[in-house]
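Taken together, the values in this text are just the output of simple stated rules run on the coordinates, not laboratory data. Please read these numbers as outputs of a predicted model, since none were measured by experiment. All Cβ positions, even for glycine, are placed from backbone atoms using ideal geometry, and neighbour counts span all protein chains on display.
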Amino acid sequence: MKTMKYLIQKEFTQIRRNAFLPKLIVVFPIMIMCVMPWVMNMEVKNIKVTIVDNDRSTLSQQLVHSIEASNYFIFKGQQPTYRAALQEVEQSRADVVMVIPQDYSRDLTLGKQPQVLIAANAVNGTKGAMGGAYLSQIVTAHVNPDIAAMQSRVSTLFLYNKNLNFKLFMIPALFAIVMMLMTGFLPALNIVGEKEAGTIEQINVTPVSKWSFILAKLIPYWVIALFVITVCLLLAWAVYGITSVGPLALIYLLVMLLALFWSSFGLMISNYSDTMQQAIFVMWFFVVMMLLLSGLFTPTRSMPSWAYATTYVNPMSYFIEAVRTVFIRGGGLSSIWHQILALLGIGSLMATWAVISYKKNS
C-alpha cells in the first residue's frame, strides 16, 4: 500500500509541476461547456432566400412578406428574373430561390392551384432540404388556408424535451467529449513522455509490479474525471439552467466507467509508442473514428448496417445513449444496465490490455 501511495503521489506531483496541464484541466471543460452548446446546433436557420415575383400583385406581395417575417429565413431581396436569382445562388449570396408565377393572384381568385417554383442549393443537402421544406410550408399555408387551419388543429406533445432545446440534447454528449480528451490524451502522453525523458528506466529496475504501476497511472486520471464532470454539471446548471432529471450517481458511475476505458486505452497506446508524436497521431485516429460512429451528431440507426455494427464495440456509443437516458429522460438503473455492463466489460478488457502491454525490463 505504501508503494502504491508513493506512486500515486509521484503522478500527482508530475501533473502539478507541469506548467500547462493544471490550467488545461480547469480551462478545457469550461470552454467546452460555455462555447460548444451554442455552436453544436443541428437546427437549420438563417437560410438566405431570394424571390422572383412575376405577378407583382397584392397576394404575391403578401406571400413575400410572410417569408420575410419568418425566423428561419434571411430575406435577400427580389430579383427581376430567375437567371439573375440563380446567379445569387452560384455566388453563395442565396440558398433558396422562389419564383412566383405571373398569374399567381388570378389563379388563387379562380380557385386554381398556382405552380410556385422553389429551387434550393443542395450542396449542403440538409440545409437545402430543410430550406425547401420550410418554404413549401409557407407557400402551402398561403395557397391553401384550409390545410393550414387543419394543421393548426393537430396537437403535438414533445416528451422529455418539451421546448425542443437543442442544448439539452447536446450537453450530456459533451460530457463524452470532455472525458475522451481529458482522460484519453493525457494518459497517452504519460508513459511515452517518461520514455523520452528517460525516467521510465528508474521504474523498470524497481520491484514494483506491472499492475501496481499501471493502476497508479490510472487513478490520477479517474480523480481528474470526477473533478471535470463536476465542473461540467455545475456549468450546465449555472449557465443554461439545465440539470439532470435522473440520479447524479448514475451519471458519475457512467463517467467513471468511460474514464476507465479511455485512461486504459491511452496508457495502452503509450506502451506501444516510442515518441509523443506517434502516440498523439495514433490516439487521434481512434478518437475521430469512435466519435463519428458514436451517435453524437447523427442517429446510429441512420448509419449503414456495417457502420451500425461498430456501435457494439464502441464505448462512446454506450455512454452517450446511457447518459442521455439518465440526464434527459430521467431513466434509472433498469434503463441503462446493459450499457453499464458493456462499458464495464470493455473498460476492464482495456485495463488488462494496458497492464499486459507494458514491458517491464528488470
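Shown is the FRET efficiency for ASN163 and THR298, computed with R0 = 22 Å from the Cβ-Cβ distance and rounded to the nearest 0.05: 0.50.
How much length is gained on full extension from GLU68 to ASN41, taking 0.36 nm per residue of separation minus their Cα-Cα distance?
7.4 nm
Computed across the range 170-245, the Kirkwood radius stands at 14.6 Å (inverse of mean 1/r, all Cα pairs).
Selection among ASN71, GLN113, GLN137 by position relative to the dipole of the range 47-152 gives ASN71 as farthest towards the positive end (Cβ unit charges, Cα centre). Over all pairs of different C-alpha atoms, the range 209-362 has a mean inverse distance whose reciprocal, the Kirkwood radius, equals 16.8 Å. In terms of the mean number of neighbouring beta-carbon atoms within 10 Å, the peptides 244-254, 12-22 order highest first as 244-254, 12-22.
Measuring r between the beta carbons of ALA141 and ARG83 and using R0 = 41 Å, the FRET efficiency lands at 0.90.
For ALA309, project a label point 7 Å along Cα to C-beta. Then give me every residue of the range 267-291 with its amide nitrogen under 20 Å of that point. Output list for this probe position: 289-291.
Separation of the range 283-362 and the range 47-66 by C-alpha centroid, Å? Answer, in whole Å: 50. Computed from Cα atoms, the angle from the helix 248-272 axis to the main principal axis of the chain rounds to 70 degrees. When the charge dipole of the chain is built from unit charges on Cβ atoms (+1 for Lys and Arg, -1 for Asp and Glu) and taken about the Cα centre, the candidate among VAL27, PRO220, TRP353 whose Cα reaches farthest toward its positive end is PRO220.
Here the dipole of the chain is about 1000 debye; that uses its Cα centre as origin and unit charges on the Cβ of Lys and Arg (positive) and Asp and Glu (negative).
Separation of the alpha carbons by more than 24 angstrom is noted, of LYS23/LYS210; LYS217/LYS359; LYS45/LYS76; LYS5/LYS195; LYS76/LYS112, for LYS23/LYS210; LYS76/LYS112. Over the chain, the reciprocal of the mean inverse Cα-Cα separation, the Kirkwood hydrodynamic radius, stands at 24.2 Å. Positive end of the dipole of the chain (Cβ unit charges, origin at the Cα centre): among GLY246, VAL287, SER263, the Cα lying farthest that way belongs to SER263.
I need the P(r) histogram for the range 47-152: all alpha carbon pairs, bin width 10 Å from 0 out to the longest distance, whole percents. Using 10 Å bins, I get a P(r) of 15, 49, 30, 5 for the range 47-152.
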